[in-house]
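Structure, as structure tokens:
The values are calculated or read from the model by the stated rules, or taken from the named source; none is laboratory data. Bear in mind the structure is a predicted one, so any value in this text is a computation, not a measurement. Note: ideal-geometry Cβ built from the backbone for every residue, glycine included; neighbour counts use all protein chains shown.
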Amino acid sequence: MSDIEDLLRQIQQELDLDRETEQEVLAEIHTHLEESVAEAIAAGMSREEALTQAAVRFGVGQEVGQALQVAHGGWATADAVVAAGLPVLLALVMRWLVFAPDGTAIGWRQILVRPAFWAVALAALLVPLLKLERWRYALVSWGFFWMMTVIFALGSAVRW
Amino acid sequence: MSSVQQQMRKGTTTVVILKLLVDVGEPMYGYQIIRRLEERSGGFFEFKEGLVYPRLHQMEREGLLRSKWLGEPGTRRRKVYSVTEVGHRRLEEELDQWRSLSKTLNQMLDIA
């Protein structure tokens, strides 16, 4: 299987994606190459010939890898930006909800009866899950939101 | 492959993939899609197989296709693609444009 493994290695060298995506991409291509080899063997080729033909028909690993990186790369960056920016934005909104315009903190009991508080908390939980394709990004985004909220709340409370 | 064929292939891969999946009417995996495209084009378009995957992934990102994995872990698993509502709409738009372009070109080139 050296032709297939070589090809997969060439493709992998061009990829700079999260592990989950990369594994899915390589698994899909691996299956394709296995099917291609099996079909060629069924048509009467030797295993060696079939492997060579499958690799040739598939194309240059470097070129395919670069095209796959382009197809996935931009979106991964957009996801990362959202995962980083969204919790900060929501934490700022939360801070605005927790503190009155004159800087005095509103009691937690008062906050807990405010629909806006629950709306922001729910948005912080659901938006990353709906928007981000990777659950890890969503989890980090959600965790970061609460960390930022605590930092903003504590920082403002100390200053006040 | 001539440069005209190359240019035509580049500009039409999305629409031919959508049309194939709609015509077949059931999810297909990459290898099936590539083989069926080769059959359909009668060898006119020679697809570099590996370059179909970035296009499939791009189409999925654009919301034209959806995918799911079939098969149990440890067995040969296949990622199958089907057309979304957005994909159906895009196909109709593209086919309208192709009909219009084809009609105009035929008139201009005095073909049939």
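Descriptive notes on the structure:
- The helices (runs of 4 or more DSSP H) found wholly in region B:3-112 and carrying at least 1 residues that are touching a His at 6+ places or on another chain (Cβ under 6 Å) occupy B:30-41.
- Search result, residues across region A:40-75 that are surrounded by 13 or more Cβ atoms within 10 Å (Cβ to Cβ), more than 9 Å from every other protein chain (Cβ to nearest Cβ) and not in a helix (DSSP H, G or I): A:45
- From the list B:91, B:56, the one residue that fits, being away from every other protein chain (no Cβ under 13 Å), buried (at least 19 other Cβ atoms within 10 Å of the Cβ) and touching a helix residue (DSSP H, G or I) at 6+ places or on another chain (Cβ under 7 Å), is B:91.
- The residues listed here are A:59, A:85, A:44; of these, the one that is at positive phi and out of contact with any Leu (no Cβ under 8 Å at 6 or more places or on another chain) is A:44.
- Residue within region A:29-39 that is farther than 13 Å from residue A:5 by Cα, assigned by TED's automatic domain parsing to the domain that holds residue A:10 and surrounded by fewer than 17 Cβ atoms within 10 Å (Cβ to Cβ) present: yes
- The conditions of being within 14 Å of residue A:150 (Cα to Cα), modelled with pLDDT of 80 or more and not assigned by TED's automatic domain parsing to the domain that holds residue A:19 are met by residue A:90.
- Qualifying residues in region A:1-11 (those that are part of a helix (DSSP H, G or I) and surrounded by fewer than 18 Cβ atoms within 10 Å (Cβ to Cβ)) - the one modelled with the lowest pLDDT: A:2
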